[in-house]
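Trainee: What follows is a single structure, and I will ask about it in a moment.
Read-outs throughout are calculated quantities, based only on the coordinates presented, and are distinct from any laboratory measurement. Treat the numbers as computed from the prediction; the structure is a model and nothing was measured. Cβ coordinates were reconstructed from backbone atoms using ideal geometry, including for glycine residues, and neighbour counts include every protein chain displayed.
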Amino acid sequence: MRRNLRGRSSSSSYNISGSWQGINVQDINKLKAAGIVTVLGVAQTPRRNLLKIKAKVEKIKEVAQKMLPNMFATGAEVSERRANVVHVSTGSKSVDAVLGGGIATQSITEVYGEFRTGKTQLSHTLCVTTQLPEDQGGAGGKVAFIDTEGTFRPDRIRAIADRFEVDSQMVLENILYARAWSSEQQCDMLVDLALRFVEDRTYKMLIVDSIMNLFRQDYSGRGELSERQQKLNQFLARLQKLAEEFNLAVLLTNQVQADPGLKISFAGAAMAKPIGGEMLRMRASRVLTSSSATRIMLRKGRGDERIAKLQDSPDQPEGEATYALKSG
């Protein structure tokens, strides 16, 4: 019996549209062109960045501050906000148990591992499970998918949809897909997505598969590492804002590379680190970890067995779970 999929409504941030609180339409359109589509988005953007938009910065910031609640909140109020967090099933009960229910909204989850450990398979599975009702491990919402490696396959989505007994065509229609060819295009896509998310609040998952591929491609020289880190930092910060503004779960996949600085290996797992590892690790300490980020390492076991290790989480202790790598 096929399950019906329905979008889940979400409590919204104040949208900015039309002539807004005495700010004209031209200035509103300038904000939207920069990917700033809610009052919270205005409040989160530094004045120096707003100045680049050439709109009425002081007036805009003043209006945003008046409309938003106090920057400080009681612990009870924070608890109420956290009550809106939804956990999306990975498709594996053992992995879900380690994660406290699945991939959480309002935060970023980074999954990294070597080739054929299940990173892209997890991305495809979440495209389906996100659309399931909450009481079945989903979020009742749509998915946005940024593909930097050309790995998205509709046939894999259909096979997974069949496994969960949902209409595969409807699942595919609820996935917004984009192929990125450069890191600049990858960053620009977040502006487009912000506009879509403010118009359609049923999106619950944003997947980037993979995070470092195009940054590594476009900034390959040693003299470009600083600029690459700056661009990556901006991209990650924008992702976190989207996660909190729209109650999204953000999943990033990342490859690993050999780490020559590690002399001792246990089953080969310790000899690898995420590509762009130090950049992501440094960024994790400032944005990812402080913004409720979760980091999961995937590695190979015997045969089709794979092992997921929860390395960083603000909510759960470190732990491991095994799962099988399957096509559906």
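Trainee: In what sequence, highest mean first, do 198-207, 219-228 appear when ranked by Cβ atoms within 10 angstrom?
Mentor: Those peptides, ordered most packed to least, come out 198-207, 219-228.
Trainee: R0 = 56 Å: FRET efficiency of residue 304 with residue 25, Cβ-based, nearest 0.05?
Mentor: 0.50
Trainee: Once fully extended, how much extra length lies between residue 222 and residue 182, figured as 0.36 nm per residue of separation less the alpha-carbon to alpha-carbon distance?
Mentor: Additional length available on full extension: 12.5 nm.
Trainee: Another one. Arrange 40, 298, 122 by Cβ neighbour counts within 10 Å, fewest through most, would you?
Mentor: 40, 298, 122
Trainee: Between the range 305-321 and the range 116-190, what's the alpha-carbon centroid distance in Å?
Mentor: Result: 22 Å between the Cα centres.
Trainee: On to the next question. Using mean Cβ contacts within 10 Å as the protection proxy, how do 304-316, 130-142, 101-113 order, highest first?
Mentor: 101-113, 130-142, 304-316
Trainee: Pop a pseudo-label 7 angstrom from the Cα along the beta-carbon direction at both residue 322 and residue 149 and give the gap in nm to one decimal.
Mentor: With each label point 7 Å from Cα toward Cβ, the separation is 2.5 nm.
Trainee: Within 10 Å of each residue's Cβ, count the other Cβ atoms and sort 72, 115, 215 from fewest upward.
Mentor: 72, 115, 215
Trainee: Using only alpha-carbon positions, what ratio does the radius of gyration of the range 77-147 give when scaled by 2.2 N^0.38 Å?
Mentor: Compared with the compact-globule rule of thumb, the range 77-147 sits at 1.14.
Trainee: Full extension from residue 71 to residue 94: what is 0.36 nm times the residue separation minus their Cα-Cα distance, to one decimal in nm?
Mentor: Additional length available on full extension: 4.4 nm.
Trainee: What FRET efficiency comes out for the pair residue 167/residue 135, r = Cβ-Cβ distance, R0 = 25 Å, nearest 0.05?
Mentor: Approximately 0.85, to the nearest 0.05.
Trainee: Going out from 0 in 10 Å bins, what whole percent of all Cα-Cα distances in the range 137-237 drops into each bin?
Mentor: Final binned percentages: 14, 40, 29, 13, 3, 0.
Trainee: Could you rank the peptides 162-170, 28-36, 237-245 by their average count of other C-beta atoms within 10 Å per residue, with the highest value first?
Mentor: Result, highest mean Cβ count within 10 Å first: 237-245, 28-36, 162-170.
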